[in-house]
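Student: This is the structure I have questions about; it appears just below.
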Amino acid sequence: MIDSLGGTPDVRQVPEPEVRDGDVFLRVRAAAINPVDLSISRGGFYRGDPELPYVPGSEGVGELDGQLVYFEVAGGFEGRTGSLAELVAVPRESFLPLPDSIQPPLALGLGIAGLAAWLGLEWTGKLQPGERVLVLGASGPVGQVGVQAAKLLGAGRVVAAARSEAGLARARELGADATVSCAETGDLTARFREAAEGEFDVVLDPLWGAPGAAALASLKAFGRHVQIGQSAGAEASVPSAVIRGRSRRILGHTNFLVPQEDRTAAYRKMVEHAVAGELTVDYEVLPLERVAEAWQRQASSPGRKLVLTP
């Protein structure tokens with residue numbers, strides 16, 4: 001439960017969630033913490049402030065009649081209890097049955113974070129076979145899925161960029177053709193172009209800030225910069241000529257505005273790849289009692305999906 005904006009959640013007893021018409025009642029088996037959950041808790045989120053006090057959490061894996069399902073819920077909005085709870089009530093259209101062969105933590109890694117990467121490339125970025133892709137923030141769950149998704153969607157060359165050397169090594173294991181360290185000084189745009197062996201068609205950007213600006217300048221004419229987050233800064237300084245001089249496009253992406261049928265199709269496709277051993281996400285499972293610790297670790301970009309179990 002969170003009592004005030006900017007607060008850290010604690011564990012306590014709360015009333016059972018209200019079940020409305022069209023809802024189903026789920027027992028939560030696992031729930032994830034996402035950057036969006038922290039953003040909501042701080043206030044000023046573009047969907048508005050949460051209704052205090054509230055149980056946070058935007059996604060989870062629950063059980064319904066013995067069947068595991070992936071679900072999303074607007075924790076803190078519309079009087080909804082979030083996924084970081086033992087019980088939730090969610091609209092029937094907001095969950096999907098899961099195959100027995102996928103582990104709940106991996107199913108969560110393909111959820112909000114995975115969809116941001118997959119849909120960012122496929123639905124918003126319109127990635128075409130053979131194109132060159134730069135994935136920023138490649139050490140985190142979004143970036144990990146982004147590297148693999150780009151390959152699965154037919155990219156010709158995929159470059160992963162991050163500050164963490166361990167994260168860059170992991171990106172190479174996941175299929176990146178080249179990597180670029182964002183921790184080094186010097187001309188980052190030049191290093192991006194060198195790794196691309198030219199210029200990029202698409203950038204997947206969960207960082208913004210200085211790395212986002214450098215990546216934008218590494219796009220070819222009419223290239224698409226898909227902006228999905230601001231982990232490196234809410235603002236970026238970009239000269240006008242960088243955009244208009246080569247007709248580069250900045251495309252904002254949020255999962256919230258993707259039609260439900262497209263989100264469902266993308267999630268099912270990712271689950272199929274995961275079951276086939278073609279798509280994975282690094283994760284760590286902790287008990288719900290350690291939610292405050294997990295919350296603080298998420299704020300420091302842990303480089304893996306943090307999953308809590310009741």
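The values are calculated or read from the model by the stated rules, or taken from the named source; none is laboratory data. No experiment lies behind these values; they were computed from the predicted model shown. For neighbour counting, all protein chains shown are included, and Cβ atoms are generated from backbone atoms with ideal geometry for every residue, glycine included.
Student: Has the stretch 257-278 got any residue that is within 18 Å of the chain's Cα centre (by Cα), under 22 Å from Asp201 (Cβ atoms) and among the basic types (Lys, Arg)?
Tutor: Yes, because at least one residue in the stretch 257-278 is within 18 Å of the chain's Cα centre (by Cα), under 22 Å from Asp201 (Cβ atoms) and among the basic types (Lys, Arg).
Student: Taking the stretch 73-130 on its own, how many of its residues are outside any helix (DSSP H, G or I) and charged (D, E, K, R)?
Tutor: 5
Student: Shifting gears a bit: For the subset of the stretch 219-247 comprising residues that are touching a Phe, Trp or Tyr at 6+ places or on another chain (Cβ under 8 Å) and under 19 Å from Arg132 (Cα atoms), which member is surrounded by the most Cβ atoms within 10 Å (Cβ to Cβ)?
Tutor: Leu219
Student: Under 7 Å by Cβ, and 6 or more places apart or on different chains, what pairs join a residue from the stretch 56-74 that is without any contact (Cβ under 8 Å) to a residue 40 or more places away in the chain with one that is among the β-branched types (Val, Ile, Thr) and outside any loop (DSSP other than H, G, I, E, B)?
Tutor: Sorted first by the residue in the stretch 56-74, then by its partner, the pairs are Gly62/Val28; Gly62/Val69; Gly62/Val88; Leu68/Val61; Val73/Val88; Val73/Val90.
Student: State which residue pairs qualify: first residue in the same structural domain as Ala171 (by TED's automatic domain parsing) and inside the stretch 181-192, second residue acidic (Asp, Glu) and in a loop (DSSP other than H, G, I, E, B) in any location, beta carbons under 8 Å apart, and separation of 6 or more residues or different chains.
Tutor: Matching pairs, first to second residue: Arg191/Glu184.
Student: Looking at the stretch 173-191 only, could you name the residues that are assigned to a helix (DSSP H, G or I) and in contact with a strand residue (DSSP E or B) (Cβ under 6 Å, 6 or more places away or on another chain)?
Tutor: Arg191, the sole residue that qualifies.
Student: Within the stretch 121-167, work out how many residues are among the acidic types (Asp, Glu) and either surrounded by fewer than 22 Cβ atoms within 10 Å (Cβ to Cβ) or not assigned by TED's automatic domain parsing to the domain that holds His225 (or both).
Tutor: Qualifying residue count, the stretch 121-167: 2.
Student: Continuing with the same structure: Cβ-Cβ under 6 Å, sequence separation 6+ or interchain: first residue in the stretch 110-134 and among the hydroxyl-bearing types (Ser, Thr, Tyr), partner not in a loop (DSSP other than H, G, I, E, B). Which pairs?
Tutor: So the pair list comes out as Thr124/Val226; Thr124/Leu251.
Student: Hey, any hits in the stretch 6-22 for a residue that's β-branched (Val, Ile, Thr), within 25 Å of Val258 (Cα to Cα) and either touching a residue at least 24 places away in the same chain (Cβ under 8 Å) or not in a loop (DSSP other than H, G, I, E, B) (or both)?
Tutor: No, the stretch 6-22 contains no residue that is β-branched (Val, Ile, Thr), within 25 Å of Val258 (Cα to Cα) and either touching a residue at least 24 places away in the same chain (Cβ under 8 Å) or not in a loop (DSSP other than H, G, I, E, B) (or both).
Student: Return the residues of the stretch 274-305 that are part of a helix (DSSP H, G or I) and either basic (Lys, Arg) or buried (at least 17 other Cβ atoms within 10 Å of the Cβ) (or both); say none if nothing qualifies.
Tutor: Ala274, Leu288, Arg290, Val291, Ala294, Trp295, Arg297, Gln298
Student: Can you confirm whether Arg290 is out of contact with any helix residue (DSSP H, G or I) (no Cβ under 7 Å at 6 or more places or on another chain), at pLDDT 95 or above and closer than 20 Å to Arg29 by Cβ?
Tutor: yes
Each row is one residue, and each column tells you yes or no for (1) within 29 Å of Ala138 (Cα to Cα); (2) at pLDDT 95 or above.
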site	(1), (2)
Glu63	no, yes
Ala74	yes, no
Glu93	no, no
Gly111	yes, yes
Trp118	yes, yes
Lys126	yes, yes
